[in-house]
Protein chains: 2
Amino acid sequence: MLPSWKDSPTRTAIVDFVQRVTAEGSPDHLPPEARIAVFDNDGTLWCEQPFPIQTGFLFGKLAEQVKADPLLGAKQPWKAVVENDHAWLGNAITKHYGGDDSDLKVMAAGLLSAYAGERVEDFAAKAEAFLRNSENPVLKRPNLKTAYAPMRELLRYLADNGFTSYIVSGGGRDFIRPIARELYGVPPERVVGTSVELEYREDAEGRPGLYHTPKLEVFDDGPTKVARIWSRIGARPVFAAGNANGDLPMLKATTWDAPASLALVVHHDDGEREPAYTAGAEKLLQAANENGWAVASVKNDWTTVFVD
Amino acid sequence: MLPSWKDSPTRTAIVDFVQRVTAEGSPDHLPPEARIAVFDNDGTLWCEQPFPIQTGFLFGKLAEQVKADPLLGAKQPWKAVVENDHAWLGNAITKHYGGDDSDLKVMAAGLLSAYAGERVEDFAAKAEAFLRNSENPVLKRPNLKTAYAPMRELLRYLADNGFTSYIVSGGGRDFIRPIARELYGVPPERVVGTSVELEYREDAEGRPGLYHTPKLEVFDDGPTKVARIWSRIGARPVFAAGNANGDLPMLKATTWDAPASLALVVHHDDGEREPAYTAGAEKLLQAANENGWAVASVKNDWTTVFVD
């Protein structure tokens, strides 16, 4: 079990936790229905560098829209996408952190409009096709092969020990679902994530359908992850894994005053086998340090990062 | 199996459907992960007459609030509740159907404020205590014993045949969850329903918590049920049961162009063993008739309605 994990204190913390909550007679024993685990996705289960996989999916659609309607190319965010203007895109985010949301709102509105009007089944088919046929531009490997082998093993190890795992992602719920079962062993009903409002309509023949709208329903990050876990699961998890500041409330709410719990932080400190970064993870790494949470160092705890 | 169902065409339709989708080699065979069933709750799984059980829970809280702050009793909807003014309450709904939402909004705001500020765990404990200790004012039986025996048998029969059942209720998700496993065999993560927005806060010691707000998040009725099924399950059900017009889109979306599916409508036509009514179910009963959906007549299809 866990063959891609080095025999390190982090691996020991995971195995000890699982044994504590599963061993009959253990004071921390939990019945299977209480063995609930939650995982962030981007940067925790699969690589999010140089940008989240979904970004490629959305930008590709914006580029297609400009081909069909060249006038769109004069307008943001289509302009930045077709001109490969990373500065504008990066600035939109930098300005947001400085308190100026104007460009970020323009970008979000463009991205939200990309698949508006699609039936949910058609969106799922397009997301799946993209995921199966695209690659990571830095790692030069298929996007589905940028899932972290040690984390896939961890999901399986937990399942083998009676845990039920959920993905709780800041990324799009309907983007991840089509491949979550195959990639992670997590069925669609256990994928929680960012979503757009869906509109119910019956067409001229009366055929009912659900269609994506350009309106954000939930941005599933930060404290919202905690609210969504309750709303979707109705129980408190005992295991939570994340890699960014937006996962901090989820890890805190999972472990607070809960001796039979474990928080795991993936720390991207390798730089050889994948990009290294701490930007956007500073507060989480600090909390991990202060609370003694388990930290999975990509460099030191994982013998293998990706498998082909 | 299904001992509280008479040997009638409706029972036959249910059993035939289950055999068609489970028998190996059947052209309509479905793998277990596709055997998804959705059930409305009020009026489908338990009695909703003379008013939904949750109404008693909320009105009781409003009456308590007036005891603590008598001035509230001069204000609607507290006034109508403490004066037992059914006319005002009924009129609010009648006016709503006539296009005038003014009183309904006043009532909804009062009801939504009833448990605002409660931690989700405290709300769950209060809901559970109410459900275990209250009774139906007409049937004079404990509210938990107003669950329909034939429907509980149906839930078990489906589970025994590899189905996964969800409750998709216009009533409150967090109100039903505490007893759904015991009463229906449905765990909290498979209860979908109306919800208020939840607020994440950390108290002075840093303890994280989720609190009810007085803001409606989702009113889970009508087309919204279809959107919520997708959002929560990520798949199309093959069985749907309901009893009111608000269930019509759910039953239609389940069965449209789907030979391996079944819609079941509970028809409250008995009048001796429970109140009889068709108000609010006219369109659903008409659609059942037009589409040949299965109709469970309380009078003619159920040998037993309630068990003690």
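The values are calculated or read from the model by the stated rules, or taken from the named source; none is laboratory data. Note that the structure is a prediction, hence the values are computed from the model and not measured. Backbone-built Cβ (ideal geometry, glycine too); neighbour counts: all protein chains shown.
The figures follow:
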read-out: Residues being more than 8 Å from chain B (Cβ to nearest Cβ) and under 15 Å from the mean Cα position of the chain (by Cα) - total across the stretch A:191-201; value: 3
read-out: Qualifying residue in the stretch A:40-53 (condition: more than 23 Å from A:Asp247 (Cβ to Cβ), surrounded by 13 or more Cβ atoms within 10 Å (Cβ to Cβ) and at pLDDT 95 or above); value: no
read-out: Test: residue in the stretch B:244-258 that is part of a strand (DSSP E or B) and either assigned by TED's automatic domain parsing to the domain that holds B:His29 or over 30 Å from B:Asp122 (Cβ atoms) (or both); value: no
read-out: Hits in the stretch A:25-39 (condition: surrounded by 17 or more Cβ atoms within 10 Å (Cβ to Cβ) and either in a loop (DSSP other than H, G, I, E, B) or of a type in the set (A, V, I, L, M) (or both)); value: A:Leu30, A:Arg35, A:Ile36, A:Ala37, A:Val38
read-out: Qualifying residue in the stretch B:259-277 (condition: in a helix (DSSP H, G or I), of a type outside the set (Asp, Glu) and either farther than 30 Å from A:Asp174 by Cα or within 11 Å of chain A (Cβ to nearest Cβ) (or both)); value: no
read-out: Cβ-Cβ under 6 Å pairs, at least 6 apart or on other chains, the stretch A:107-124 side over 19 Å from A:Asp203 (Cβ atoms), far side in a helix (DSSP H, G or I) and small (Gly, Ala, Ser); value: A:Met107/A:Ala92
read-out: Scan of the stretch A:205-260 for residues that are of a type in the set (Ser, Thr, Tyr), under 18 Å from A:Pro31 (Cα atoms) and in contact (Cβ under 8 Å) with a residue 40 or more places away in the chain, ordered by number; value: A:Thr254
read-out: Hits in the stretch A:32-71 - residues which are away from chain B (no Cβ under 14 Å), within 30 Å of A:Arg20 (Cβ to Cβ) and of a type in the set (A, V, I, L, M); value: A:Leu45
read-out: Near pairs, Cβ below 8 angstrom, 6+ apart or cross-chain, from the stretch B:134-150 (among the charged types (D, E, K, R) and outside any helix (DSSP H, G or I)) to any residue that is surrounded by 17 or more Cβ atoms within 10 Å (Cβ to Cβ) and modelled with pLDDT of 95 or more; value: B:Glu135/B:Asn143; B:Arg141/B:Phe306
read-out: Tally, over the stretch B:258-308, of residues that are farther than 18 Å from B:Ile14 by Cβ and small (Gly, Ala, Ser); value: 6
read-out: Residues (of a type in the set (Asp, Glu) and either more than 14 Å from chain B (Cβ to nearest Cβ) or buried (at least 24 other Cβ atoms within 10 Å of the Cβ) (or both)) located in the stretch A:221-258; value: A:Asp247
read-out: Candidates B:Val307, B:Val298, B:Val238, filtered to the one that is in contact with a strand residue (DSSP E or B) (Cβ under 8 Å, 6 or more places away or on another chain), of a type in the set (Val, Ile, Thr) and farther than 21 Å from A:Tyr200 by Cα; value: B:Val298
read-out: Flag for B:Arg181 being surrounded by fewer than 19 Cβ atoms within 10 Å (Cβ to Cβ), more than 10 Å from every other protein chain (Cβ to nearest Cβ), more than 12 Å from the chain's Cα centre (by Cα) and assigned to a helix (DSSP H, G or I); value: no
